[in-house]
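Student: Let me give you the structure first, and then I'll get to my questions.
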Amino acid sequence: MPPHLESDDVDDIKTGTYVYWMKANEDVAERGELGEVVRVDDNGRRKVSFPKGNFSIEARQLNVSDFQKGTFVHMTDEDTDLIGEIKELDNGKLQVDFEGKQKMLGIEMSCLFVLDAAGLTIRIYSNYSHLVSKG
């Protein structure tokens with residue numbers, strides 16, 4: 001795994017890590033919603049802040065997102081071609097500073113690329129959530 005990306009090993013899921021819950025429940029988090037670990041408990045659980053609240057979840061049920069604070073991304077669609085840096089997670093949505101000119105909250109992207117520091121590692125994420133049923 002590239003050094004700038006977080007490990008999914010449960011011992012490496014620490015405070016401040018952006019995660020997905022591998023289950024889905026409309027009372028906790030929908031499929032694909034990002035949360036941020038706000039506390040590490042001694043019992044193998046993590047308190048995760050999702051848009052609907054804070055929930056204690058077993059660490060083994062969490063998947064670390066490739067999108068983390070400080071990750072550089074390249075966003076592109078028909079009208080946009082920008083490089084930016086993820087600054088924070090706000091209510092489940094990434095806030096990205098693009099070229100120091102703008103911040104976007106809740107990116108609805110057609111394509112978002114994750115870049116490593118050398119520009120060699122590229123992961124392509126496409127927003128096809130409308131094709132996947134919720135639940």
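Student: Would you please give the residues with an amide H less than 5 Å from that of Val96, counting only those at least 5 places away or on a separate chain, with H modeled from the backbone geometry?
Tutor: HN-HN under 5 Å from Val96: Lys87, Met104.
Student: Whole-Hz ³J(HN,Hα) for each residue in the stretch 55-67, computed from phi via Karplus 6.51 cos²θ - 1.76 cosθ + 1.60 with θ = phi - 60°, x for glycine and proline: what do you get?
Tutor: 9, 8, 10, 4, 4, 5, 9, 10, 10, 6, 6, 5, 8
Student: How large is ³J(HN,Hα), in whole Hz, for each residue of the stretch 46-51 in order, when computed from phi with the Karplus curve 6.51 cos²θ - 1.76 cosθ + 1.60 and θ = phi - 60°, using x for Gly and Pro?
Tutor: Each residue's phi maps through the Karplus curve to give 10, 8, 10, 8, 10, x Hz.
Student: For the stretch 3-63, just say rounded, prolate or oblate: build the C-alpha gyration tensor, square-root its eigenvalues into a ≥ b ≥ c, call rounded for a/c under 1.5, and beyond that prolate if a/b exceeds b/c, oblate if not.
Tutor: Since a/c reaches 1.5 and a/b is larger than b/c, the shape of the stretch 3-63 is classed as prolate.
Student: I would also like to ask the following. Assign unit charges at the C-beta atoms only (+1 for Lys and Arg, -1 for Asp and Glu), then state the dipole size of the stretch 10-64 relative to its Cα centre in Debye, rounded to the nearest 20.
Tutor: 40
Student: A further question on this structure: Tell me, in nm to one decimal, what length is gained between Gln61 and Met22 on full extension, where the rule is 0.36 nm per residue of separation less the Cα-Cα distance?
Tutor: Residue separation times 0.36 nm, minus the Cα-Cα distance, leaves 13.5 nm.
Student: Quick one: Karplus J couplings for the stretch 12-27, per residue in order, coefficients 6.51, -1.76, 1.60, θ = phi - 60°, nearest Hz, x for Gly and Pro?
Tutor: In residue order, the calculated couplings are 8, 7, 10, 4, x, 6, 8, 9, 10, 7, 7, 10, 9, 7, 4, 7 Hz.
Student: Can I ask one more? What FRET efficiency, computed as 1/(1 + (r/R0)^6) with R0 = 35 Å and r the Cβ-Cβ distance, is obtained for Asn43 and Lys87, rounded to the nearest 0.05?
Tutor: Efficiency for this residue pair is about 0.65.
Since every read-out is calculated from the coordinates, none of them should be taken as a lab result. These figures come from a predicted structure and were not determined experimentally. Using ideal geometry, Cβ is built from the backbone for each residue, glycine included, and neighbour counts are taken over all protein chains shown.
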